[in-house]
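Just so you know, all these numbers are worked out from the coordinates, no wet-lab data involved. From a predicted model like this one, the values you see are computed outputs, not experimental measurements. Note that each Cβ is placed from the backbone with ideal geometry, even for glycine, and that neighbours are counted across all protein chains shown.
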Amino acid sequence: MNIVLIGSGGREHAFAHAIAKSQHLSHLYILPGNPGTAQLGTNVRIDTNQFDAVGQFCIEQQIDLVVVGPEEPLVKGLRDYFEADTMLSKIAFIGPGKDGAIMEGSKDWSKLFMQKYHIPTAAYQTFTAETIQEGFKYIQNHSLPIVLKADGLAAGKGVLILNSHEEALKEFEEMLLNSKFGNAGNKVVIEEFLSGIECSVFVLSDGNTYKILPVAKDYKRIGEGDTGLNTGGMGALSPVPFADDAFMQKVETRIVIPTIEGLKKEGIQYKGFIFIGLIKVNNEPYVIEYNCRMGDPETEVVLPRIQSDMLELLSATANGTLANILLQINPQHAATVMLVAKGYPEAYEKGTEISGLEEIKQSIVYHAGTSINEMGTLVCNGGRIMAVTSLAPNLQEAITLSNKAANQIQFTNKYYRTDIGFEFNSNQ
Ligand code: AMP
Ligand code: GLY
């Protein structure tokens, strides 16, 4: 099969790695990819927001299957573009249309969906500029902390957790009247704060049935002990010690099944990944958010644990035959540690040389923000540089291996969290 994979991060390198192992692969193209994916296929510089260019490439290269990594092309309707074209509609496509991607594209939509299908989530109300006065009153009477969410995509920055009514009123007004998050904040969801421990559940849906993939936990804060600014993710592990069989049973009955059935009732044929951000409160799962894609860096621990042939799994998803697939999971523990440029998630330097990769023998290195400079040297080209994943019979061993690899990789102003999995460390 000829495959197009869209994206350029650690998540896409992990997909490329899994696809490259498939016995069904003829050629893998990554649009635009990174130096890591270039070792597994052909990187192609195409702006993936230019749907006509993506479509033309797929026809020219006789592509059989397209896998979309990030949310943006999906929310903007890449699948719909393919479906509307006689030739492109024959290509298998992993990722929902606009109608399904709205689960991530609009927080108001997803809250209404959860309410309608009785899926446990925090209590909320949505306001716009027209209803701002009611919003002010709602905030004044709300318990603290208050969670404010910009309705649309805001590059992971659209959620504010505020500890005073004054701050919440100010931010709410900034969002609705001063476009703090651009159009994404034209609607604001005000939500009850839930206190608990989070995990990420990934579901592959073929529009009819589903498979639950290995559960993961990511570490979003920049600082050790989950302190400091939010990032795209500083590390992840899978499986998650607290997400035991009893908890996952609740997740399946109360969340996954109603979500899949709800999508069908809404007339949405969802073929792709659903990322359910969950929080466990008093042993009960609540949905924090839906995303229409895999997580990053969660993918870097989830995919290495999937032993089934990735292209068989993805083809079955596209063809609606997922029920025939036996999902084989590696029982080992996976831990990934993200190496970032010092300063991230704020200002950081680019262009510094990376070395030491050849020393890594027991871990997988997934590139994220790297590039090759004019001299042919691997350099830093982003905030999150690379993720190192290790598999081991227990979590501590996996973390130790990944920390060792993170230490071996060298670049000026390297930073990584050495405490991934800290809350599960029996030695602390
Ligand atoms: P997001 O940017 O949508 O991934 O959300 C950022 C983070 O905000 C989530 O991972 C949670 O840690 C937190 N969060 C969102 N909603 C709530 C809530 N209702 N209660 C507590 N924390 C929340
Ligand atoms: N790691 C969280 C995300 O991908 O949104």
(request) Evaluate the distance, in nm, between pseudo-label points positioned 7 Å from the Cα of Asn283 and of Glu252 along their respective Cα→Cβ axes. (result) 1.9
(request) Report, in debye and to the nearest 20, how large the dipole of the chain comes out about its Cα centre when Lys and Arg carry +1 and Asp and Glu carry -1 on their Cβ. (result) 320
(request) Could you rank the peptides 163-176, 318-331 by their average count of other C-beta atoms within 10 Å per residue, with the highest value first? (result) 163-176, 318-331
(message) I need the fraction of alpha carbon pairs in segment 197-324 separated by more than 19 Å, rounded to a whole percent.
(response) 50
(request) Inverting the mean 1/r over all pairs of different Cα atoms, compute the Kirkwood radius of segment 59-100 and quote it in Å. (result) 10.4
(message) Sort 55-63, 15-23 by the packing proxy (mean of other Cβ within 10 Å over each peptide's residues), most packed first.
(response) 15-23, 55-63
(request) Tell me what the chain gives for mean residue ellipticity at 222 nm when only DSSP H runs of n ≥ 4 count, each as -39,500 (n - 2.57), the sum divided by the residue total, rounded to 500 deg cm²/dmol. (result) -7500 deg cm²/dmol
(message) Can you report the principal axis dimensions of the chain using only the alpha carbons, biggest first, rounded to whole angstrom?
(response) 58, 54, 45
(request) Starting with the highest mean, order 80-93, 393-406 by the number of other Cβ atoms within 10 Å, averaged over the residues of each peptide. (result) 393-406, 80-93
(message) Just to be sure I understand the model, the point goes 7 Å from the Cα along the line to the Cβ. What's the resulting Asn324 to Gln115 distance in nm?
(response) 4.2
(request) Scale the Cα Rg of segment 279-428 by the rule-of-thumb value 2.2 N^0.38 Å and send over the ratio, two decimals. (result) 1.21
(message) Starting from the 7 Å offset along Cα-to-Cβ, what nm value, one decimal, do you get for the label separation of Leu229 and Ile132?
(response) 2.8
(request) Compute the Cα gyration tensor for segment 236-306, then decide on rounded, prolate or oblate, letting a ≥ b ≥ c be the square roots of its eigenvalues: rounded whenever a/c is under 1.5, prolate when a/b is larger than b/c in the other cases, and oblate in all that remain. (result) oblate
(request) Find which of His13, Ile325, His367 sits farthest along the positive direction of the dipole of the chain, computed with +1 on the beta-carbon of Lys and Arg, -1 on that of Asp and Glu, about the Cα centre. (result) Ile325
(request) For segment 123-192, compute Rh as the Kirkwood radius over C-alpha pairs and then the Stokes-Einstein diffusion coefficient at 20 °C and 1.002 mPa s; write the answer in µm²/s, rounded to an integer. (result) 187
(request) Have a look at Ala150, Asn183, Ser110 and report the one farthest towards the positive end of the charge dipole of segment 87-193, computed about the Cα centre with Cβ charges (Lys/Arg +1, Asp/Glu -1). (result) Ser110
(message) Within a 10 angstrom radius of the beta carbon, how do Met375, Met386, Met114, Met1 rank from fewest other beta carbons to most?
(response) Met375, Met1, Met114, Met386
